[in-house]
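Below you'll find the structure, written out as structure tokens, and then a few comments.
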């Protein structure tokens, strides 16, 4: 009727269009969206954990070690069913499975159950399934190697079959929906314990249809669910009562653990998760998502449509209250109430449309008020909209191809204390040290996961770091880990924390750079001068031994040349070179070259023993042993004069991290050392446009980029060329 009022050319669906066509279209949309999310979503925090468990389960299965499977206690807070499913790629390909195959195969398993959830809901309510198809949090967590997809599908299947059973004529003796519902509920809880909350809507269904309930059948339903739960949960086959107590104790203690405390979510955080769209991954979710619409339509629908289906109101209200009370507030927990909101919102939309059309038939308001444009107008709108959609999808696909080889890691989805990254340092064992504005991270880098299987975060609460604002990290030749912060220097030496210096003992001990010389002395560049740690005491060189032209030291590097050892210092005014044998100091004052407030930001010695200087405002310079050569705007193809960091990739030239002089953000460039420049921006590559502050290369040859506000990016040139 509305199409007629608007003079829309397509007044109704064609006669051959059936309900299953609508269901098929919705499922097709869900498949495409999940496939896109599987391909484009960056690695998330818990994915390596579950893939590792899958790998170890596969090894036990191959060995026929059933006792090992039953007693496998990693991640014992979650049942093993989903992790056993994630063992499939290792069972198919063996221990030498390609990390990319493992990653995308397991994500595809999750996406398969995510699409099944949409399909099951579409059989019951196509409009609700359409809403669920475009719910961003559901898309994300059913497209990653998480535990959510299967229990979401199984629990929804259970309550919908139970609803169908009660609403149908049960006198026909068909009890199959009831028994499948029971098994599905047991399987859902065996997938993740928190889905035991889905017993809430099941209970409300029993109350709503209590006049039709045969309590013996409900008892049998519960028995089947319990048996299914135990059959699919081998961890509970041995000493079930003790292990159930262990699981409950773990979850109670976890609510007070460091992960929850560090997240710092308020009690009302579930409102944010449910009422707003996913704030992360804008390049992935470039299309319209309906999270906000689902929330408001669903909440309003609880009043109107809830009168017809009160079990939906009970489902949402009780579970949402539990989410508000429970101290752990992870976003994936909120997914359990989303199908209820989708069904409630769908019912509200249908009810509202029916009410409006009934009023229109009586009053004819819309016929008088709505415009009636010519049909050609609608054809133009349809054609123009189609071109926009095709163009946008094509553009995003092209951008996705450009992003091959790039990973974007942020604190919201990775074990990263902060998105402000000041420094990166590769340890001799291949681990990556990361200095951030809220502590330091230590990641065990592997090909399949940037943070590996045992990442750590160091801050003032759990370590001897003097300040959470860690500006520089370093490993010395003995394997000791050093952390320079805004409040001194700390060391994790031989497994013990030592506070080497802090502002209370050394004036203005704001550390900016650390480097070790050939004799094992650690040099410390600070905003109050140069210090040396000789293993037993901290010596102030700039106060007692040499006179520096500028006390603000931003960067240090060590050079050994022709038997001479030099310490290079980058300051606000320029560069100084200290001969460590004679203590002679040579200074180059570049303050007239527009170095900017940051002066010399980084010094490195390349494989040709040349010294390179990056500056804030003056481009870069090269010392070849005799003179300085500068590369600046106007005299080279340098993209911007603000260069925050620089690193050499032997055989491939130099990588530069640039900021913009008058606006946030930045870019990176690669310079071959002669005249060839390659620039990576957010519109021609997978670089996210954050301002680069630090570089490092990992053992796989990947470039790590620490940014001012956008976390860590990793660029794999080999993967980008595929």
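Taken over region 116-138, residues that are surrounded by 24 or more Cβ atoms within 10 Å (Cβ to Cβ) and farther than 23 Å from residue 348 by Cα amount to 0.
Taking the criterion of being surrounded by fewer than 20 Cβ atoms within 10 Å (Cβ to Cβ) and touching a strand residue (DSSP E or B) at 6+ places or on another chain (Cβ under 6 Å), the only residue of region 650-659 that qualifies is 653. Consider region 495-518 and keep the residues that are over 15 Å from residue 467 (Cα atoms) and at pLDDT 90 or above. The one that is farthest from the chain's Cα centre (by Cα) is 518. Residue 637 falls short on exactly one of the conditions (1) surrounded by 19 or more Cβ atoms within 10 Å (Cβ to Cβ); (2) touching a strand residue (DSSP E or B) at 6+ places or on another chain (Cβ under 6 Å), and that condition is (1). Within region 681-700, the residues that satisfy the criterion of being over 17 Å from residue 431 (Cβ atoms) and either part of a loop (DSSP other than H, G, I, E, B) or modelled with pLDDT under 95 (or both) are 681, 682, 683, 684, 685, 686, 687, 688, 689, 690, 691. Scanning region 627-646 finds no residues that are in a strand (DSSP E or B), over 23 Å from residue 592 (Cα atoms) and at pLDDT 95 or above. Between 585, 567, 548, the distinction of being crowded, with 16+ Cβ neighbours inside 10 Å, under 22 Å from residue 621 (Cα atoms) and in contact with a helix residue (DSSP H, G or I) (Cβ under 7 Å, 6 or more places away or on another chain) belongs to 548 only.
Inside region 454-471, residues that are modelled with pLDDT under 90 and under 17 Å from residue 426 (Cα atoms) make up a count of 2.
The values are calculated or read from the model by the stated rules, or taken from the named source; none is laboratory data. The structure presented is a predicted model; accordingly, all values stated were derived computationally and were not measured. Counting neighbours? That spans all protein chains shown, and the Cβs are built from the backbone with ideal geometry, glycine included.
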